[in-house]
Amino acid sequence: MATLEDLGVSAFINILSAFVFLLLFAVLRVQPINDRVYFPKLYLTGQRRHLPQGVRRFVNLDLCSYFRFLSWVPGALRMSHPDLIHHAGLDSAVYLRIYTLGLKIFLPIMVVALLVLIPVNVSGGTLLNLRKEVVFSDIDKLSISNVSPGSNRFFIHLLMAYVFTFWTCFMLYKEYSNVAFMRLHFLASQKRCADQFTVIVRNIPHVSSHSTSETVDEFFRRNHPDHYLGQQAVYNANRYAKLVKQKERLQNWLDYYQLKFERHPGRRPIGRTGCFGFCGREVDQIDYYRARISELDKKLASERQRVLNDPKAVMPVAFVTFDSRWGAAVCAQTQQSKNPTQWLTDWAPEPRDVYWQNLAIPFFSLSIRKFLISVAVFALVFFYMIPIAFVQSLANLEGIEKVAPFLRPVIEVKVVKSFLQGFLPGLALKIFLYILPTVLMIMSKVEGYVSLSSLERRAASKYYYFMLVNVFLGSIIAGTAFEQLYAFFHQPPTQIPRTIGVAIPMKATFFMTYIMVDGWAGIANEILRVKPLVIYHLKNMFIVKTERDREKAMDPGSIGLAENLPSLQLYFLLGLVYAVVTPILLPFIIIFFAFAFLVYRHQIINVYNQEYESAAAFWPQVHSRIIASLLISHVTLFGLMSTMKAAYSTPLLIFLPLLTMWFHKYCKSRFEPAFRKYPLEEAMEKDNLERASEPNLNLKSYLANAYLHPIFHMFEQQQQQQQEEVQQEKVEVRIDKVQHHHRQVEEESKSNQATHYHHHHEQTTTTHHHYHHHEHMSMSSSQYHMRQTDTDDSPSPPHFVYHYGIDP
C-alpha cells in the first residue's frame, strides 16, 4: 500500500515528466519543420498556407519565442465559445464542456469535503486499534475507515452524501438543458446539408424481375408521392477498396525508392522480394514495384467492371432523398411496412460519417454478430483480470511480505519500494490499457454499425464497461485481497465482510497514482504528439515529393471519443465514489480536469480535425453514465456503512438511489428526444424559409452525388489524374520544342549581326550593294516570318494551349 512518501515520489516523477513534455512542446512547436504537426488544423482550414514570415526553414532563431513557455495557454482560452463551434464544430465544443462540468461539480464538493469530512475522519482513531489486523497508511487515516463502528459521526457522512448528490443532479440538469438547446440551435442555424434531406433504407426486400433500384423507386413513389426525389444505390466495393489500399502501399514504396535513386543517381536500389528483404530473388526495386503496380491496375480495372456490371454487387441498402426536410423527417421517424423487419428507415449520417464497408453486411446477420461480439467482450473483460491482479500485486507489497517473507530484503529497499508502490502500478495499468481501444473499435466494426459516430459511441460503451469492471471493481477487489491476505488467513470468516468494508476506502491511494500517471503526465504527452511527429518526419523524408504529398503526410487526428469518453467517465466515478469515503482524492481529480481542459482546447483549435459532426449525439450517454456513477457511489457507501454497524444512519441511504433514478427518468423524458428525433415543426419552418429565400433552388442536382459511393469518386479521380499526366507530358514536349526553336532563332540572329558588322567595317560595298544587302535582310526576315507562320499552321497546336497548371 502506498504511503505518503510513495505518493510524494509518484507526484515528483509525474510532475517532472509533465514539465519535460511541456518544455519539449514549447521548443518543438516553434520550429518551422514541425509546423504541420502542431498546427495542421490551420492548414486544413486555410488559415495558414505557408510557413510564418520571418523564420528560417528548419530552425527558429527567434530566442524570445523559447522563453514564452506557456504562451499556448492564453491562445487556447482566447477563442470564444461561438467561434469555437464555428471553427471546430459542436461535437468538439460539447466535449470540452465535460471538463468544465467536472470542475463545476467537484470544486464545491472538494471544498466542503476537506473542511467538514477530513476533521471528522481524522479524529476517529479506529485504524490505530486495528493495526495488527489491517494494513493501512497515514493517508488512510483521512478516510471513513478511521471512524469508529456504530459512531454517530456517520450521520455527517450521510448528510454530505445527500448534499453532494443534489448538487451533482442540479449541475447535470443545467448542463443537459444547455447542451440540448445548443444542439437544437445548431441544427436550426446549420446551412443546407445533404443529410437533412436523406434517409438510409436497409433490408430492402428482393422482388423478382426487379433490380434493387427499381424496387426502391417504385416503393417510395407509391408511399411518399409528394416528397420523394430520388435514390442512390449502394455497391459492395469492399474488395476494390482493399486493392486501392494495397496500391497505395506499393506506391509509397515506389516513391521511396525513386527518391532514394534521385539522391544517389549512380546506384540503382536493389533488394530481395522475400520476407522483410532477407530472402527471395534480387530485383531492381523501382522496376519491381512498377511491375506490381501495373499488375494491380489490371486487377482494379477488372474489379471495377465487375462492380458496375454485376447485379449482385448492388446491396439491399439505399440512400433515399426527399424534396424537403419535412418529408425526410416523416420517413425517417415512422414505420414503412407492415413487416417491421423490412424497409427499415433512419436518418442518414452525413456523407463523411458513413462507414461504407459495413453497408455490405446482410441485415439478418447483424443480430448474430452483436451476440458473438457481446460474448467476446465478456471474455475479454475477464481475461484482463489477470494483468489487473498483477498490477494490484505491485501496489500492495505489505500484504505480500506477510505471506512471503523471503521477498522482504528486495522490497524493503527504500527507492525500490517507493517506485514500486508510488509510480509503477499506475504506469503498468496504463500500458495494459493502451491497445484495448483499438481492439474494441474493431469489435464494433464487426457488429455492423454504418456510421463512424455510432462506431465510436459503441466502442466507448464497451470501454466504459471494461473500465468499470476491471479498472474500478477489479482493482478494488484484487487490491483488497492482496492487502488483507494475512487478515483473510488468520481471522474468523464472519469478520471478512468487515475487513473488506474497511479496506475499500484505502484503495484511493492506488487511484491517486493512476490519476497522476494518466491524468497529469499522460495529458502532457498528448500535447507533445510524439507519434504523429515521428511519423510525419519519416514520411517527409522517405515518401514526400510534392506539396500535395506533404499535406497527405499530416495527421491531425481527432478527439478520439471512443477512448477519451470512458476515461472521463472513470474520473467522474472515482470522484463521486470517494467524495464521501476518501475526500483527499478530489484535489487530484480537480487538477486533471483543469489541465486536460487547457490541453484539449488547444488541440481542438490548432490540431484536431473531426471526421464527422453528430451535433453532440453522445451527450445522453455521458449523462447516463454520470448518473450510474452516482448510483454506484450510493451502493458503495451503503455497503461500507452496513459493515461498520451504522444501524441508525444506513437505512436513510435507501432514498438516495430512488431519488437519483427518478431524476434520471425525468431528464431522459425531458431532453433526450432532442437527441433522437427531429421536430417536424422545425423542419417545416426551415423548408418554408428556404423556399422563400431561394425559389429557384434545384435540389435534385444538389443532392445528386452527395451519397455517391466512394468507388465512383475513385474512378473520377483516376481519370482526372490520367488526364493531368497526359497534359503534363504534352506541355513538357511542347516546351522542349519551343525552347529548341528559340535557340535556332537566336543563333541565326547572331550570325546575321556578325555578317552586318563585317560588311560595315570593310567598307567594300556601294550604295547599290548596301541597298541590296538590306533587301536581302528583308527577304531573310520575311522568310523567317514565313517559316514561323508555316510552323504555326502545322498540325501541332500552339504551345500556350498546353499551359495547364503552369504559371505564365
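The values are calculated or read from the model by the stated rules, or taken from the named source; none is laboratory data. Fair warning: this is a prediction, and the values are worked out from it, not measured in the lab. FYI the Cβ positions are ideal-geometry reconstructions off the backbone, even for glycines, and counts take in every protein chain you see. For accessibility, only protein heavy atoms count, side chains too; no ligands or nucleic acids. Shrake-Rupley method; radii C 1.70, N 1.55, O 1.52, S 1.80 Å.
Miscellaneous remarks
- Among the candidates 376, 318, 332, 328, residue that is out of contact with any Leu (no Cβ under 8 Å at 6 or more places or on another chain), in the same structural domain as residue 452 (by the TED database), open to solvent by less than 80 Å² (accessible area, probe 1.4 Å) and farther than 30 Å from residue 258 by Cβ: 376
- Inter-residue pairs, beta-carbon under 9 Å, first free of Cβ contacts under 8 Å to residues at least 12 places away in the same chain and in region 631-646, second in a helix (DSSP H, G or I) and open to solvent by 40 Å² or more (accessible area, probe 1.4 Å), 6+ apart: none
- One residue alone among 431, 442 is open to solvent by 70 Å² or more (accessible area, probe 1.4 Å), in a helix (DSSP H, G or I), within 19 Å of residue 564 (Cα to Cα) and modelled with pLDDT under 90, and that residue is 431.
- Filter pass, residue 22 being within 19 Å of residue 516 (Cβ to Cβ) and modelled with pLDDT of 80 or more: yes
- Of the criteria (1) assigned by the TED database to the domain that holds residue 97; (2) within 21 Å of residue 680 (Cα to Cα); (3) in contact with a Cys (Cβ under 7 Å, 6 or more places away or on another chain), which one residue 184 fails: (3)
- Selection status of residue 230, small (Gly, Ala, Ser) and over 30 Å from residue 322 (Cβ atoms): no
- Selected residue (criterion: farthest from residue 145 (Cα to Cα)) from residues of region 618-636 that are of a type outside the set (Phe, Trp, Tyr) and either open to solvent by less than 10 Å² (accessible area, probe 1.4 Å) or assigned to a loop (DSSP other than H, G, I, E, B) (or both): 620
- Which numbered condition residue 690 misses (of (1) surrounded by 15 or more Cβ atoms within 10 Å (Cβ to Cβ); (2) assigned by the TED database to the domain that holds residue 621): (2)
- Residue 136 being in contact with a Ser or Thr (Cβ under 7 Å, 6 or more places away or on another chain), open to solvent by 10 Å² or more (accessible area, probe 1.4 Å) and at pLDDT below 95: no
- Test for residue 420: is it modelled with pLDDT under 65, in contact with a Pro (Cβ under 8 Å, 6 or more places away or on another chain) and at negative phi: no
- Residue match in region 502-514 (condition: at pLDDT 85 or above, aromatic (Phe, Trp, Tyr) and farther than 21 Å from residue 141 by Cα): no
- For region 174-200, a residue qualifies if it is aromatic (Phe, Trp, Tyr) and either out of contact with any His (no Cβ under 8 Å at 6 or more places or on another chain) or open to solvent by 10 Å² or more (accessible area, probe 1.4 Å) (or both), and the qualifying residues are 181, 186, 197.
- Conditions (1) within 19 Å of residue 304 (Cα to Cα); (2) touching a strand residue (DSSP E or B) at 6+ places or on another chain (Cβ under 9 Å); number of the one not met by residue 220: (1)
- Count of residues meeting criterion [under 22 Å from the mean Cα position of the chain (by Cα) and surrounded by fewer than 13 Cβ atoms within 10 Å (Cβ to Cβ)] in region 60-76: 0
- Subset of region 1-19 that is at pLDDT 85 or above and open to solvent by less than 20 Å² (accessible area, probe 1.4 Å) - its residue that is farthest from residue 475 (Cα to Cα): 18
- Taking each residue of region 191-212 that is farther than 21 Å from residue 360 by Cα and looking for partners that are at pLDDT 90 or above and assigned to a strand (DSSP E or B) with beta-carbon atoms closer than 6 Å, six or more apart or interchain, yields 197/321; 197/322.
- Residue check, residue 291 surrounded by 11 or more Cβ atoms within 10 Å (Cβ to Cβ), hydrophobic (A, V, I, L, M, F, W, C) and not in a helix (DSSP H, G or I): no
- Hey, residue 651 more than 30 Å from residue 40 (Cβ to Cβ), within 20 Å of the chain's Cα centre (by Cα) and either not in a helix (DSSP H, G or I) or not hydrophobic (A, V, I, L, M, F, W, C) (or both) or not: no
- Contact annotation: residue pairs with Cβ atoms under 7 Å, 6 or more positions apart or on different chains, pairing a residue in region 313-329 that is closer than 8 Å to residue 197 by Cα with a partner that is outside any strand (DSSP E or B) and among the basic types (Lys, Arg), are 325/686.
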